[in-house]
Amino acid sequence: MLQTIEVTKTSQKKTKPNHSELGFGKFFTDHMFTMDYSTDKGWHSPRITPYAPLTLEPSSMVFHYGQAVFEGLKAYRTADNRVQLFRPLKNVKRMNLSNERLSMPEIPEDLAMEALKNLIEIDKEWIPTEEGCSLYIRPFIIATDAFLGVRPSSTYKFMIILSPVGAYYNSGEQLQPVSIYVENEYVRAVRGGVGIAKTAGNYAGSLRAQTEAEKLGYDQVLWLDAIEKKYVEEVGSMNIFFKIGGKVYTPELSGSILDGITRTSVIELLEHWNIPVEQKRISVEEIFEASERGELEEIFGTGTAAVISPVGKLKWGERELTVGNGKVGQLSLDVYNTITGIQTGTVEDELNWTLKID
Ligand code: COI
């Protein structure tokens with residue numbers, strides 16, 4: 001039987017931001033979900049309480065050895081005023097894969113789903129209705145043993161916080177093409193490492209390259225494989241797709257790439273549309289050669305936060321290419337309109353991806 005989630009509502013609701021100031025991840029709703037784990041009790045004490053700072057021991061293991069995993073998904077308000085999620089069970093399953101890789105305890109799927117639904121129900125008035133806006137959901141788990149020896153923690157906290165968001169990129173425009181810097185020096189992940197897990201350290205390790213790319217005027221970094229530095233892996237906060245000569249390619253899941261839920265959905269959508277799509281090892285050289293032959297039609301990134309982000313420019317060493325004169329390609333536009341339409345209920349959900357929660 002599912003454990004009962006105890007609810008304590010806030011007595012002081014916050015003022016909600018105007019949608020024009022949302023950006024990404026700056027504002028947080030009135031409540032949060034928490035549940036604790038210990039080896040003897042398992043996951044216990046699920047509760048929703050007012051959003052507030054945490055009190056943790058400075059010796060909590062998460063601060064020292066980085067046992068931390070997270071997820072990202074969104075809640076949308078439909079035109080008929082319902083609330084829906086996009087393939088949420090996939091996030092819960094992926095979080096459990098990350099847990100396994102980081103030696104952290106699995107979360108019962110039904111309990112995680114109940115937690116998501118209950119918290120969103122309580123804060124649903126925070127879901128923005130304006131185009132391109134949604135309620136970003138950030139579940140995460142941290143290790144809380146007060147201990148400095150290196151071993152898996154025996155206690156954890158699972159929490160969910162909610163943030164009303166607009167576009168991920170600074171431009172503030174959802175479909176504004178982004179510029180990408182192909183990273184030749186630093187690497188993100190190697191097969192056998194933690195690249196397949198959504199763990200905090202992967203993002204910490206990416207910051208230096210990201211900062212350097214930004215200084216050079218690029219929005220994000222494109223990571224190459226760590227061994228040969230030849231093959232395309234993923235972009236800072238998204239997976240990547242290339243349309244070349246009428247066919248769509250995306251890097252195959254190599255063991256060091258994050259298995260993106262938007263990535264899978266785009267592959268399934270293209271197959272549904274009978275557009276040829278292939279997952280394979282793609283070298284960055286191939287992309288530049290296709291561009292020189294005039295066959296590189298489109299590049300776009302996919303992610304929960306980034307949605308579908310057309311790429312306008314790619315910089316690799318001394319070489320730079322521009323995709324489609326910097327304009328948004330037709331396929332990127334179609335995929336964006338269909339995915340966001342399904343998410344917000346304006347396009348029929350033929351593939352059964354959404355879950356109505358009220
Ligand atoms: C997401 O798309 O939800 C992500 O987790 C990317 C992020 C680190 C902003």
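Scanning the stretch 136-181 for residues that are touching a Gly at 6+ places or on another chain (Cβ under 9 Å) and charged (D, E, K, R), which turns out most open to solvent (accessible area, probe 1.4 Å)?
Once the filter is applied, the top-ranked residue is GLU173.
If the requirement is being closer than 17 Å to THR304 by Cα, out of contact with any Leu (no Cβ under 7 Å at 6 or more places or on another chain) and either more than 16 Å from the ligand (Cβ to nearest atom) or not polar (S, T, N, Q) (or both), which of these qualifies: PHE158, PHE147, PHE140?
Numbers: PHE158 fails: closer than 17 Å to THR304 by Cα; PHE147 fails: closer than 17 Å to THR304 by Cα.
None of the others qualify; the one that does is PHE140.
Cβ-Cβ under 6 Å, sequence separation 6+ or interchain: first residue in the stretch 257-284 and within 24 Å of VAL221 (Cβ to Cβ), partner open to solvent by 70 Å² or more (accessible area, probe 1.4 Å) and not in a loop (DSSP other than H, G, I, E, B). Which pairs?
Sorted first by the residue in the stretch 257-284, then by its partner, the pairs are ILE261/LYS90.
For the stretch 65-86, what are the residues that are farther than 19 Å from THR129 by Cα, of a type outside the set (Gly, Ala, Ser) and open to solvent by 10 Å² or more (accessible area, probe 1.4 Å)?
TYR65, GLN67, PHE70
Any residue in the stretch 28-44 that is surrounded by fewer than 18 Cβ atoms within 10 Å (Cβ to Cβ), modelled with pLDDT of 95 or more and within 16 Å of the ligand (Cβ to nearest atom)?
yes
Given the conditions (1) modelled with pLDDT of 95 or more; (2) surrounded by 13 or more Cβ atoms within 10 Å (Cβ to Cβ); (3) not assigned by the TED database to the domain that holds GLU234, and given that ILE357 satisfies all but one, which numbered condition is not satisfied?
It is condition (1) that ILE357 fails.
Are any of the residues in the stretch 45-54 under 25 Å from the mean Cα position of the chain (by Cα), within 16 Å of the ligand (Cβ to nearest atom), more than 28 Å from LEU97 (Cα to Cα) and not basic (Lys, Arg)?
The answer is no, given that none of the residues of the stretch 45-54 is under 25 Å from the mean Cα position of the chain (by Cα), within 16 Å of the ligand (Cβ to nearest atom), more than 28 Å from LEU97 (Cα to Cα) and not basic (Lys, Arg).
Go through the stretch 63-94 and report how many residues are hydroxyl-bearing (Ser, Thr, Tyr) and part of a strand (DSSP E or B).
Here is the first cut: in the stretch 63-94, the ones hydroxyl-bearing (Ser, Thr, Tyr) are 65, 76, 78.
Filter again for part of a strand (DSSP E or B), leaving 76.
Looking only at that region, the number is 1.
Scan the stretch 275-307 for residues that are within 16 Å of the ligand (Cβ to nearest atom), at pLDDT 95 or above and of a type in the set (Val, Ile, Thr) and jot them down.
Hit for the stretch 275-307 is THR302, nothing else.
Quickly run through the stretch 182-221 and pick out the residues that are among the basic types (Lys, Arg) and buried (at least 19 other Cβ atoms within 10 Å of the Cβ). Walk me through how you get there before you give the answer.
As a first pass, look at the stretch 182-221 and keep what is among the basic types (Lys, Arg): 188, 191, 198, 208, 215.
Residues satisfying the conditions are ARG188, LYS198.
Among the residues of the stretch 141-152, are any among the aromatic types (Phe, Trp, Tyr) and in contact with a strand residue (DSSP E or B) (Cβ under 7 Å, 6 or more places away or on another chain)?
No - not one qualifying residue is present in the stretch 141-152.
Tally up the residues in the stretch 66-97 that are within 21 Å of LEU351 (Cβ to Cβ), among the aromatic types (Phe, Trp, Tyr) and either modelled with pLDDT under 95 or within 13 Å of the ligand (Cβ to nearest atom) (or both), please.
The number of residues fulfilling the criteria is 1.
Taking LEU258, is it surrounded by 21 or more Cβ atoms within 10 Å (Cβ to Cβ), farther than 27 Å from LYS93 by Cβ and either within 16 Å of the chain's Cα centre (by Cα) or more than 16 Å from the ligand (Cβ to nearest atom) (or both)?
Numbers: surrounded by 21 or more Cβ atoms within 10 Å (Cβ to Cβ): yes; farther than 27 Å from LYS93 by Cβ: no; either within 16 Å of the chain's Cα centre (by Cα) or more than 16 Å from the ligand (Cβ to nearest atom) (or both): yes.
No.
Restricting to the stretch 98-115, name every residue that is in contact with a helix residue (DSSP H, G or I) (Cβ under 8 Å, 6 or more places away or on another chain), buried (at least 16 other Cβ atoms within 10 Å of the Cβ) and under 20 Å from LEU85 (Cβ atoms).
ILE107, ALA112, MET113
Among SER283, SER265, which is among the polar types (S, T, N, Q) and open to solvent by less than 10 Å² (accessible area, probe 1.4 Å)? Before you say what the answer is, go through the steps one by one.
Details: SER283 fails: open to solvent by less than 10 Å² (accessible area, probe 1.4 Å).
Just a single option satisfies the conditions, and that option is SER265.
The values are calculated or read from the model by the stated rules, or taken from the named source; none is laboratory data. Everything numeric here is computed off the predicted structure, so don't read it as measured data. Don't worry about glycine lacking a Cβ; one is built from the backbone with ideal geometry, like all the others, and counts go over all protein chains shown. Ligands, DNA and RNA are stripped out before the accessible areas are found, and what is left, the full protein with its side chains, is counted by its heavy atoms. Shrake-Rupley method; radii C 1.70, N 1.55, O 1.52, S 1.80 Å.
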